[in-house]
Structures are given as structure tokens and as C-alpha cells.
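The structure appears below as C-alpha cells.
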């Protein structure tokens, strides 16, 4: 991966997010983006991300490891060139989550961490999540999105509920008790949550 600034990187996905501007998803560069990501994951509001207290070098190394994998991907989400979220996808069949539910090749897992808001944007998060779902379902091989937030993360659970995810069981993963939730392509196509 090159060391270009996020705005100079080729997007993997673009969508106009009215009325806020152009949304672009770009590959995360572990070296160039470590300080930005570290600032976000170091805040108390990001405690469920599991990196509180980690130095910037360790955060960079975590994302260097993610970058070395073919099955897990990290992205920055930009809105008019400004980073607004850290977004990760993964193949559940190649992840420990496959040990707690019957994973399929058509599944994609996701993680999302929003940047601290610079100004209020009513209904921004549902619209952003909708764009990320559009990106994942732009791959015709994907039929279901799987998420596994910490079961204590009430904000994430509420966001999933308003985004039409179906809740599965609460499961024990190595680092957390997680709430499984699923969104199929068919359910998303029939939903109107944005």
C-alpha cells in the first residue's frame, strides 16, 4: 500500500451522501493513518474497540497485521476529503467468529468506528451505514452481513436495530461477550431505514 494522503488514494467505493457531500472509502494505510486511528481508538467512547491505552506504535502494528491478510480489510471513510470513520470488513469463514455460528462463504463481517463528530449532522449515522452496506452488497457474491459488537455496547445495538439487522444469539468470543446480528441482501432491499 502506498503512503499517499487519504484524499489522494483511489477509492474502493464512492457515493454522494446528500446533503453532506461525497463519501469515499479508501484503503487504510497503517503507517500514514496510525495517528488518526490512534486518536479515535484512544477515546473512552471507543472502549469497545479494545485499544484504550495502546500506544500509537501498537495501533499501527495491529493495522499492519490486518493489512497483511487477504481475508480482513481496513478502510478510512472520507466525507468531502475528511476522515469520518474507520471501517473494517472480514470473511467470517476465516475468523474466530465462525466458531460460534454457521458461517457461509456468502457472508461478510464488518466493524465500524465513527470519528468524533466535528459538528452535528442529524441522521448522518444511518445514512453512512446505508452507504457502507451498499458498498458491501456491491459485491454480488455477498448475501449476508454479520456483526458481533460487544453485548454491552448499547449504542451499537440500537444502531443495528434501526438498520434492520436481525439479532442472533449472544456468544462468547475470546475477547468479549458478543451480540451476533445479521442483515441479508433481501432484507436490506426491502428495508427503508435511511
Quick one: length gained pulling residue 16 to residue 154 fully straight, 0.36 nm per residue minus the C-alpha distance?
-> 46.8 nm
For region 12-190, radius of gyration divided by Kirkwood radius, i.e. Rg to Rh on alpha-carbons | 0.93
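So what's the back-of-envelope 222 nm ellipticity for the chain, counting only DSSP H runs of four-plus at -39500 (n - 2.57) apiece and dividing by all residues, rounded to 500?
On the way: 5 runs with 50 residues, N = 194.
Helix-only estimate at 222 nm: -7500 deg cm²/dmol.
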Descending principal axes extents, region 89-189, alpha-carbon based, whole Å = 40, 32, 20
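Taking 8 Å as the Cα distance limit and 6 or more residues as the minimum spacing, I'd like the relative contact order of region 12-190 as a percentage.
Working: 270 pairs, mean separation 28.7, N = 179.
Taking the mean separation of contacting Cα pairs over the length of region 12-190, I get 16 percent.
So what is the relative contact order for region 103-175, in percent, with contacts set as C-alpha pairs under 8 Å and at least six apart? The partial results should precede the final answer.
Numbers: 33 pairs, mean separation 30.1, N = 73.
It rounds to 41 percent for region 103-175.
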To the nearest Å, what is the center-to-center distance of region 152-194 and region 34-112, using C-alpha atoms only?
-> 17 Å
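Read-outs throughout are calculated quantities, based only on the coordinates presented, and are distinct from any laboratory measurement. The shown structure was predicted, so the numbers you read here are calculated from the model rather than taken from an experiment.
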